[in-house]
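What follows is a single structure, written as structure tokens, with notes after it.
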Amino acid sequence: VLSEIEVTNPASGSLWGLGQIISLEHPELRCQRIDYDSKSEQTQTLTAVVAEIQSQSLENQISIRNGVRYVARLAQEHKQRDQQNQPLQLKLSKYGVIDNLNWQPMERHCPSGNEVEIQVATVGLNFRDVLNALGLLQEYYRENLGITSTEQLTFGFECAGTIVAVGEEVSQWQIGDEVIATMIHDGFSSFVTVKAEYLLPKPQQMSFSEAATLSTTFLTANYGLKQLAKIQPGERILIHAAAGGVGQAAVQIAQEVGAEIYATASPGKWEFLKSLGIKHIYNSRTLNWAEEMMAQTEGKGVDVVLNSLNGEYIDKSIEVLATGGRFVEIGKIGIWSTEQVTEKRADVKYFPFDLGEVVEQQPNIITQLSAELTQQWDKEQLKALPHKVFSSTEVSSAFRYMQQAQHIGKVVVSMPEVKNHQISIQPEASYLITGGLGSLGLEVAQWMVKQGAKQIVLTGRRAANETAQEVIAELEAVGTSISVLLGDISVEKDVAEIFQKMQTLAPLKGVIHAAGVLDDGLVQKMSTQQLTKVMAPKVAGTWNLHQMTKELELDFFVCFSSMASILGNASQGNYAAANGFMDAVAKYRRGLGLPGLSINWGAWASGGMAVRLETQLQNRLESSGIRTIQPEQGMEALESLLSGSQGQVGVFPVNWSQFLTVPGMQKMPLLSELISTQPSVPQKSGLLEKLEAIAISERMELFTTHIRSMIAQTLGLKDGQKLERRQPLFDLGLDSLMAVELKNRLELTLQTSLSSTLLFDYPTLEALVEHLADVIPLEFSVTDNSDKSNNMSRFEEMSEDQMFGLLAQTLESIGGKKIDK
Ligand SMILES: NC(=O)c1ccc[n+]([C@@H]2O[C@H](COP(=O)([O-])OP(=O)(O)OC[C@H]3O[C@@H](n4cnc5c(N)ncnc54)[C@H](OP(=O)(O)O)[C@@H]3O)[C@@H](O)[C@H]2O)c1
């Protein structure tokens, strides 16, 4: 539940799978699966379990850990997975609201000339990013950078990461170097391509998060205080917003130089500043500090001001400067011109600067500044700034945190790792595919060969059939060695022998466990033999494979499980239980630090088990929106999942809006997250409205047609017209589950509740239609109480008595006398 390490008893996985089927086949039993914490106190667990049983909640997959209740939810994975391997960039859909930030796919740019490409690990957030998102720099961006819309806008002025490519003119950096990039505009990206001169080496002892706090802050503070103001030991310096990023770097530089610090900050951050040994701290939220500071310096004022505030703060800051003082301005909005400053204080030296503009004028400045800073970082004379890290999924919170000026030091965002490497099939390894002579086994073998596999072992109990032989011949023709080793995977001795024979091959690097059989039947009627037959290859088989391979260094161990163990399939209790075990073993293995993946496949189009399913089950799947997996799609999914980090993933193409119209599905808690992300489920058919709108004489025909098609859908019959009015539905394959399903469908359409024994009481189309016509609040004309399209067959089927009854009824309804036979 909380981690895969917790899967200590994979056998319970079978119950998890079986329970799903019981829920479907016997909704009246309200089958719940509760996975409790074996480490918790028994009474506590018991109380929780009893509460669960007594509750009216629809939740049926519950885990309890340390008294906390967890429920199972299916989440759509493909977007995340795509995103995991898809480079992303932070974009803004519309100016003004931080929530409009979102990650969008991006294109990487191959570095040329003097450029390098960096895989970004962390990004340092700057206040300018926040202003950008709020749309407050639109004018500046339009005039200076030609950026006129949010589509052109990117975020992130600094980042830390690893070089993944270098241009042909780059000699000072190599692939693999860990660096800090500054002067960029798109740091919030998985990859950035940047000029080599804008890089600083990441101090070795620092993490990427720490490294993301360094560049803008220290370069600005160093340039402003050392290069421009030339701050000297013993001088007084006023650092505004001293708890912020540049403020904190300035504090370190001033302390290192031996200057006396006067700091402003909001009161909540005073304690922190005191902890750095700063004695003179003032409230940055009022203007009283100027007087206090003058009093404390006995009217002399400060020698240097590092300013980032505006409005009246500028006035006051100039006022507190000692004669001949230096005013370093790093603000951007509402700052003073040199003339304004000179007019107020001709003795003051004014240094407004924007680091970006400085770099444009002096391209080597970063290299110069970084030489000194790097030494100081390495010697720990200067340290990483205090910072708070947000993950990329919390990027809006990071912006908001800075917007509210809650931060001390820096706000850092860590980027998700984009997987650069895929698990590859190696020519110098061997691979085992159990059930390898079956349909999917052969598909996988062909895929592996395309990927470069040279040695593949296919197992099964019986020798290869003609199809398998043909495929094997084709694979051998391209130079792959295919070993067919026969044996029952559920029998330990057979498996041992197979592994013994594999000793002569290259080291085993991957296992695909695709052996399996079907023998469907309702749980209530399932024989022990039927149960063990289906369980054997997946339970004993998986366990045998785990035991035989647990000491090997495998790249993958994949179980071919089925969607039956997640969503269930009526009449597949044994199969769901078998697959549920595999799902649990995959996680159990991961808990042991071994590779493990269980893929809950939907039905494949290419053949194999799905094709051998009962036609009715196939049709039912289809009518509920479940589509088949095309082999290329399946192999693509397999390939991507092999490199993924999940222990269990369902792969089944579904038309969710169709699927969710299947009665009961909308209520299934497991699907609730999916439902909320799906476009609204289509409205009900509006049958009642349609019936109401037509002439009474036409209603019965429409009503019968509708009920007939609902029965056909439930039974998985392609042609509903073949459904005879008096044929018992149970003879056509209606089982108790379908009866419940059909009842639910009818309830939904007719907007009325129906008896749970409906289909047992009215087991033919005719009986059902007659009963339902009575139940719904609409009038039907008796003369029309027939299915005109089938009039002939209906009369042919009728007994003399029935014909007489109908005639009597009809005459009566048109005003004739009651007649007796
Ligand atoms: N095809 C689908 O649509 C689909 C959907 C979901 C999940 N799956 C899963 O994918 C796997 C492969 O399915 P498939 O369609 O390829 O089935 P398949 O064509 O029937 O192949 C399964 C193979 O497993 C072998 N096998 C069965 N029991 C065995 C045992 N005890 N020891 C050794 N081999 C055994 C069978 O050969 P012998 O009888 O000769 O032993 C058969 O060749 C199955 O585990 C299935 O549950 C398939």
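When the range 506-533 is examined, which residues are found to be over 29 Å from A570 (Cα atoms) and either near the ligand (Cβ under 9 Å from one of its atoms) or not in a strand (DSSP E or B) (or both)?
In the first step, residues of the range 506-533 are kept if they are over 29 Å from A570 (Cα atoms); the result is 506-511.
Within the range 506-533, A506, P507 meet the criteria.
For Q426, indicate whether it is more than 16 Å from the ligand (Cβ to nearest atom), in contact with a strand residue (DSSP E or B) (Cβ under 8 Å, 6 or more places away or on another chain) and at pLDDT below 95. Give the steps one after another, and end with the answer.
Details: more than 16 Å from the ligand (Cβ to nearest atom): yes; in contact with a strand residue (DSSP E or B) (Cβ under 8 Å, 6 or more places away or on another chain): yes; at pLDDT below 95: yes.
Here the answer is yes, as Q426 does meet what is asked.
How many residues does the range 555-584 contain that are farther than 13 Å from G17 by Cα and either surrounded by 21 or more Cβ atoms within 10 Å (Cβ to Cβ) or not assigned by TED's automatic domain parsing to the domain that holds L440 (or both)?
Restricting attention to the range 555-584, the residues satisfying the condition of being farther than 13 Å from G17 by Cα are 555-560.
Right, trim to either surrounded by 21 or more Cβ atoms within 10 Å (Cβ to Cβ) or not assigned by TED's automatic domain parsing to the domain that holds L440 (or both) and you get 557-560.
Looking only at that region, the number is 4.
With respect to A536, determine if the residue is away from the ligand (no atom under 14 Å from the Cβ), assigned to a helix (DSSP H, G or I) and among the small types (G, A, S). Spell out how you get there, then give the answer.
Numbers: away from the ligand (no atom under 14 Å from the Cβ): no; assigned to a helix (DSSP H, G or I): yes; among the small types (G, A, S): yes.
Spelling it out, it is not the case that A536 is away from the ligand (no atom under 14 Å from the Cβ), assigned to a helix (DSSP H, G or I) and among the small types (G, A, S).
Looking only at the range 389-402, decide whether some residue is aromatic (F, W, Y), buried (at least 17 other Cβ atoms within 10 Å of the Cβ), more than 13 Å from the ligand (Cβ to nearest atom) and over 27 Å from the mean Cα position of the chain (by Cα).
To start, the set of residues in the range 389-402 that are aromatic (F, W, Y) comprises 390, 399, 401.
Next, only the ones that are buried (at least 17 other Cβ atoms within 10 Å of the Cβ) stay: 390, 399, 401.
Checking the rest, the ones that are also more than 13 Å from the ligand (Cβ to nearest atom) come to 390, 399, 401.
In the following step, the residues that additionally are over 27 Å from the mean Cα position of the chain (by Cα) were identified as none.
No: the range 389-402 contains no residue that is aromatic (F, W, Y), buried (at least 17 other Cβ atoms within 10 Å of the Cβ), more than 13 Å from the ligand (Cβ to nearest atom) and over 27 Å from the mean Cα position of the chain (by Cα).
Testing Y575 on (1) more than 21 Å from the chain's Cα centre (by Cα); (2) within 11 Å of Q648 (Cα to Cα); (3) not small (G, A, S), one condition comes back false. Which one is that?
Tallying (1) more than 21 Å from the chain's Cα centre (by Cα); (2) within 11 Å of Q648 (Cα to Cα); (3) not small (G, A, S), Y575 fails exactly one: (2).
Filter the helices (runs of 4 or more DSSP H) completely within the range 309-369 down to those with at least 2 residues that are under 46 Å from the mean Cα position of the chain (by Cα) and over 27 Å from Q296 (Cβ atoms). Show your work before the answer.
Numbers: elements: 312-319, 338-344, 355-361.
The helices (runs of 4 or more DSSP H) meeting that bar are 355-361.
When only residues in the range 79-106 that are touching a strand residue (DSSP E or B) at 6+ places or on another chain (Cβ under 9 Å) and in a loop (DSSP other than H, G, I, E, B) count, which is modelled with the highest pLDDT?
The selected residue is M106.
Taking the range 555-567 as the region of interest, how many residues are touching a Pro at 6+ places or on another chain (Cβ under 8 Å) and either within 13 Å of the ligand (Cβ to nearest atom) or closer than 18 Å to G441 by Cβ (or both)?
Our first condition is that a residue be touching a Pro at 6+ places or on another chain (Cβ under 8 Å); within the range 555-567, this holds for 555-557.
Applying the additional criterion that residues be either within 13 Å of the ligand (Cβ to nearest atom) or closer than 18 Å to G441 by Cβ (or both) yields 556-557.
Residues that pass the stated criteria total 2.
Here is a check on your reading of the model: is V194 assigned to a strand (DSSP E or B), crowded, with 18+ Cβ neighbours inside 10 Å and in contact (Cβ under 8 Å) with a residue 12 or more places away in the chain? Give the steps one after another, and end with the answer.
On the way: assigned to a strand (DSSP E or B): yes; crowded, with 18+ Cβ neighbours inside 10 Å: yes; in contact (Cβ under 8 Å) with a residue 12 or more places away in the chain: yes.
Answer is yes for this residue.
With (1) under 30 Å from I163 (Cβ atoms); (2) within 13 Å of the ligand (Cβ to nearest atom) as the list, and V444 as the residue in question, which single condition is left unmet?
Every condition holds for V444 apart from (1).
Going by the conditions given, is Q255 of a type in the set (S, T, N, Q), modelled with pLDDT of 95 or more, surrounded by fewer than 21 Cβ atoms within 10 Å (Cβ to Cβ) and in a helix (DSSP H, G or I)?
Details: of a type in the set (S, T, N, Q): yes; modelled with pLDDT of 95 or more: yes; surrounded by fewer than 21 Cβ atoms within 10 Å (Cβ to Cβ): yes; in a helix (DSSP H, G or I): yes.
Yes, satisfied.
Name the one entry in I175, I184, I180 that is among the β-branched types (V, I, T) and surrounded by fewer than 22 Cβ atoms within 10 Å (Cβ to Cβ).
On the way: I184 fails: surrounded by fewer than 22 Cβ atoms within 10 Å (Cβ to Cβ); I180 fails: surrounded by fewer than 22 Cβ atoms within 10 Å (Cβ to Cβ).
Testing whether each residue is among the β-branched types (V, I, T) and surrounded by fewer than 22 Cβ atoms within 10 Å (Cβ to Cβ) leaves just I175.
Pull up the range 484-505, narrow it to residues that are part of a strand (DSSP E or B) and surrounded by fewer than 18 Cβ atoms within 10 Å (Cβ to Cβ), then point me to the one that is nearest to the ligand (Cβ to nearest atom). Walk me through it before giving the result.
First pass over the range 484-505, keeping only residues part of a strand (DSSP E or B): 484-486.
From what is left, the residues that are surrounded by fewer than 18 Cβ atoms within 10 Å (Cβ to Cβ) are 484, 486.
Working: V484: 11, L486: 8 Å.
Only one residue tops the list, namely L486.
Rundown of residues vs (1) more than 16 Å from the ligand (Cβ to nearest atom); (2) among the acidic types (D, E); (3) surrounded by fewer than 21 Cβ atoms within 10 Å (Cβ to Cβ), yes/no style:
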site	(1), (2), (3)
V412	yes, no, no
P416	yes, no, yes
K450	yes, no, yes
A463	no, no, yes
S481	yes, no, yes
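Return only the number of the condition from (1) near the ligand (Cβ under 9 Å from one of its atoms); (2) surrounded by fewer than 20 Cβ atoms within 10 Å (Cβ to Cβ); (3) of a type in the set (V, I, T) that T459 does not satisfy.
Failed condition: (2).
Taking the range 568-600, which residues are within 12 Å of the ligand (Cβ to nearest atom) and over 12 Å from A11 (Cα atoms)?
N569, Q572, N574, Y575, A576, S598, I599, N600
For (1) closer than 21 Å to T661 by Cβ; (2) modelled with pLDDT under 50; (3) among the hydroxyl-bearing types (S, T, Y), each residue gets a yes or a no:
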position: L734; (1), (2), (3): yes, no, no
position: M738; (1), (2), (3): yes, no, no
position: K743; (1), (2), (3): yes, no, no
position: E747; (1), (2), (3): yes, no, no
position: L750; (1), (2), (3): yes, no, no
position: E779; (1), (2), (3): no, no, no
position: N785; (1), (2), (3): no, yes, no
position: F795; (1), (2), (3): no, yes, no
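Looking only at the range 370-388, filter to residues that are in a loop (DSSP other than H, G, I, E, B) and in contact (Cβ under 8 Å) with a residue 60 or more places away in the chain; which one of those is surrounded by the fewest Cβ atoms within 10 Å (Cβ to Cβ)? It would help to see each step written out before you state the result.
Start the filter on the range 370-388 by keeping residues that are in a loop (DSSP other than H, G, I, E, B), which leaves 379-386.
Filter once more, so that each one left must be in contact (Cβ under 8 Å) with a residue 60 or more places away in the chain: 380-386.
Working: E380: 11, Q381: 13, L382: 23, K383: 17, A384: 23, L385: 24, P386: 16.
Looking at the filtered set, the residue picked out is E380.
With more than 19 Å from the chain's Cα centre (by Cα), farther than 28 Å from L715 by Cα and more than 12 Å from the ligand (Cβ to nearest atom) as the only criterion, which of E632, E639 stands out? Explain how you work it out, then say what you get.
Details: E639 fails: more than 19 Å from the chain's Cα centre (by Cα).
Every option except E632 fails the conditions.
Looking at the range 617-631, can you tell me whether even one residue there is surrounded by 20 or more Cβ atoms within 10 Å (Cβ to Cβ) and under 23 Å from I489 (Cβ atoms)?
no
Take the conditions part of a helix (DSSP H, G or I), not assigned by TED's automatic domain parsing to the domain that holds I21 and not β-branched (V, I, T) and apply them to L545. Does it pass? Before the answer, list the steps.
Values: part of a helix (DSSP H, G or I): yes; not assigned by TED's automatic domain parsing to the domain that holds I21: yes; not β-branched (V, I, T): yes.
Considered against the rule, which asks whether it is part of a helix (DSSP H, G or I), not assigned by TED's automatic domain parsing to the domain that holds I21 and not β-branched (V, I, T), L545 comes out as yes.
Take residues that are of a type in the set (G, A, S) and farther than 20 Å from V585 by Cα and tell me which of the helices (runs of 4 or more DSSP H) falling wholly in the range 600-654 contain 2 or more.
Numbers: elements: 609-612, 615-623, 631-642.
Hits in the range 600-654: 631-642.
Quick check on the range 539-546. Is at least one of its residues of a type in the set (F, W, Y), surrounded by fewer than 23 Cβ atoms within 10 Å (Cβ to Cβ) and away from the ligand (no atom under 14 Å from the Cβ)? Let's see the steps before the verdict.
Going through the range 539-546, the residues of a type in the set (F, W, Y) turn out to be 543.
Next, only the ones that are surrounded by fewer than 23 Cβ atoms within 10 Å (Cβ to Cβ) stay: 543.
Filter again for away from the ligand (no atom under 14 Å from the Cβ), leaving none.
No; the residues of the range 539-546 include none that is of a type in the set (F, W, Y), surrounded by fewer than 23 Cβ atoms within 10 Å (Cβ to Cβ) and away from the ligand (no atom under 14 Å from the Cβ).
The values are calculated or read from the model by the stated rules, or taken from the named source; none is laboratory data. The structure presented is a predicted model; accordingly, all values stated were derived computationally and were not measured. All Cβ positions, even for glycine, are placed from backbone atoms using ideal geometry, and neighbour counts span all protein chains on display.
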